1. Could you list all residues from region 59-104 that are of a type in the set (K, R) and out of contact with any strand residue (DSSP E or B) (no Cβ under 7 Å at 6 or more places or on another chain)?
2. So K121 fits all but one of (1) surrounded by fewer than 17 Cβ atoms within 10 Å (Cβ to Cβ); (2) farther than 24 Å from N148 by Cβ; (3) at pLDDT 95 or above; what number is the exception?
3. Looking at region 168-184, which of the residues that are assigned to a loop (DSSP other than H, G, I, E, B) and in contact with a strand residue (DSSP E or B) (Cβ under 7 Å, 6 or more places away or on another chain) is nearest to T57 (Cα to Cα)?
4. Being touching a His at 6+ places or on another chain (Cβ under 8 Å) and among the aromatic types (F, W, Y) is the filter here, so list the residues in region 70-121 that pass it.
5. When you scan region 125-172, how many residues do you find that are crowded, with 18+ Cβ neighbours inside 10 Å and on the phi > 0 side of the Ramachandran plot?
6. Residues in region 34-53: is at least one touching a Phe, Trp or Tyr at 6+ places or on another chain (Cβ under 6 Å) and at pLDDT below 95?
7. Between a residue in region 130-157 that is in contact (Cβ under 8 Å) with a residue 12 or more places away in the chain and any residue that is among the β-branched types (V, I, T), which pairs come within a Cβ distance under 6 Å, given they are 6 or more apart or on different chains?
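The values are calculated or read from the model by the stated rules, or taken from the named source; none is laboratory data. The structure presented is a predicted model; accordingly, all values stated were derived computationally and were not measured. With ideal geometry, Cβ positions are generated from the backbone for all residues, glycine too; neighbour counts draw on all protein chains shown.
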Amino acid sequence: MTLNRTVRHQLSVITCFASVALLGTGCHVSNPYKPTDASQASQASDALKTLPSLEDTHTQVESAIIKLGQQITAIAPSVTWEWRRTDSRGGCNPPYEQSDGQLVLLRNYVSDTPIPEQNWKQALDLAQQAASSLGATELTVFKDHPNNHDLQFTSDTGTTLRFGSQAAALITGSTGCRLPSKIR
């Protein structure tokens, strides 16, 4: 019973950390927010029209997360996944903040069992393939130590895939700024 509470507490801490880290990506303490000038905002708004809709991007990211989870379970059967929390929507960061675009932070795909260290390299390769399918090829490594991994893949359009394994394993992501289909 106590072990279960400890694991749940550790998982809550990891989930909270991942959510804060995703929300904080791109924030600059030394560079206060300045609105995008009208010309750049107009160009940014037009650029959003060339990207898949918010709903289509959400489906792509969610499918990549599910597929990655299944692939990891295939190489490490003790690692099983379930969805936790809910998606959250928000406005977009500059230069899209004046557009009708929205951003979705996807719910967390979590395993209470971490990815065994002997399977980490193969799981990382699978995560890189999943991220690449989303165009998210820029890798940011937050932690990479035995039994303590936390990294994020990002695309040039803001789509992210976050992946880590510590006391538990986590896969999540975000759409980047996109126009909802009803606005396109």
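1. K67
2. (2)
3. In this case the residue turns out to be T175.
4. Correct list: W120 only.
5. Residues that pass the stated criteria total 1.
6. yes
7. Short answer, once both residue conditions are applied: L134/T159; A136/T154; A136/T159; E138/T154; L151/V141; Q152/T140; Q152/T160; T154/T160.
Yes/no per residue for (1) under 16 Å from L68 (Cα atoms); (2) of a type in the set (S, T, N, Q):
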| residue | (1), (2) |
| --- | --- |
| D87 | no, no |
| Q102 | no, yes |
| L106 | yes, no |
| A130 | yes, no |
| D144 | no, no |
